[in-house]
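Asker: What follows is a single structure, and I will ask about it in a moment.
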């Protein structure tokens, strides 16, 4: 508070101190060059402020180096899915990522991690005959918000709803509508039965074909 | 830069090193961790520097830098080149630091104040002066500190700072004006 009073303070010549601070900080031209050139008050204050800002500029020239292994730690955390806690995320609109589905119960709530939903969906998808889940996310496709694991499966949870995306390979000759319908049905049934969540959509992307030796 | 780089997928490291940020961003947006690694290496210093100036504690700055880079990885698919990549990183960093400052206990702020005053015990006068400036910056309010760090230490223009902090140029000017005033009166006793 006292500082603000100081800043509104004028020098004995009538010049506002704040004006001189701006002049020094921005290395700008004086507002009243003729007055300043001949004014001892202004000159004394300017010398003092230049000293102060000289040190500020020295700090600016420092190049503090981040710890050597910082990026390695970050990559490790990416691989393990260890992200900052949602509650402390800055600007949640920048990263609207929900990692848990929420189910309200009579006494309390149940949280189900998107990775758990992904595991259930993956197990269900593998039970559908003559289909394969892609082993890794297809890089031609944008990684959706709910991408939680290394393979071709993404889960987006919001409250008690969940949306699942799967990337598939089908055997050459299989009917895409029939196979995908079976896949959709199995995944929805399993996830809904085991988690109690509502599956709003299962999006399927057929990205590869393979020769089915058994057929 | 470490001598050994782990190839993640596809692109050989030698190619990555000569790729523009724009290409790396595009690859990282679709999940290329190697591209992200290179981006993180290119920009970790910027993030760490701002975090250190904002938080004035190396351990906190390191934590914040990690969180910002993780956040960048998560948010990259939504990054549009309306703002430049560094501007976007400045925004993530200042937001993260402002959150850290907000969550700091009031007694910690007091400890910071005391730490600032104890600097008189340092023997090297040059180091002392720099420390006094850093401590004085750390005592600015969070609202004043962000524009001050971005202007005085990072050299951003008023327009860039307004974009980073998502406000207007006049608002930045007035916050900066107050910050400089605070700093000038706090420092004129010391320097």
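Read the figures in this text as sums done on the coordinates, not as results from a lab. Keep in mind it's a predicted model, so treat the numbers as computed, not measured. Positions of Cβ are generated from backbone atoms using ideal geometry, with glycine treated the same way; all protein chains shown enter the neighbour counts.
Asker: Count, for each residue of B:57-69, the Cβ atoms from other chains sitting within 10 Å of its Cβ, then give me the mean as a whole number.
Answerer: 4
Asker: Run the simple label-point estimate for residue B:26 and residue B:159 please: 7 Å along Cα→C-beta, distance reported in nm.
Answerer: My value for the distance between the label points is 2.6 nm.
Asker: Label-point separation (nm) for residue B:142 and residue B:173, each offset 7 Å from Cα along Cα-to-Cβ?
Answerer: About 2.7 nm, to one decimal.
Asker: Give me the one-decimal nm value for the distance between modelled label points at residue B:104 and residue A:27, 7 Å along each residue's Cα-to-Cβ direction.
Answerer: 3.0 nm
Asker: Rank these for me by crowding, B:172, A:164, going from fewest to most other beta carbons within 10 Å. Before the final figure, lay out the partial values.
Answerer: Values: B:172 24, A:164 28.
In order of increasing Cβ crowding within 10 Å: B:172, A:164.
Asker: Length gain on complete extension for the stretch residue A:208 to residue A:43, per 0.36 nm per residue less the alpha carbon to alpha carbon distance? Please list the in-between numbers first.
Answerer: Working: separation 165, 0.36 × 165 = 59.40 nm, distance 7.68 nm.
Going from the current span to full extension adds 51.7 nm.
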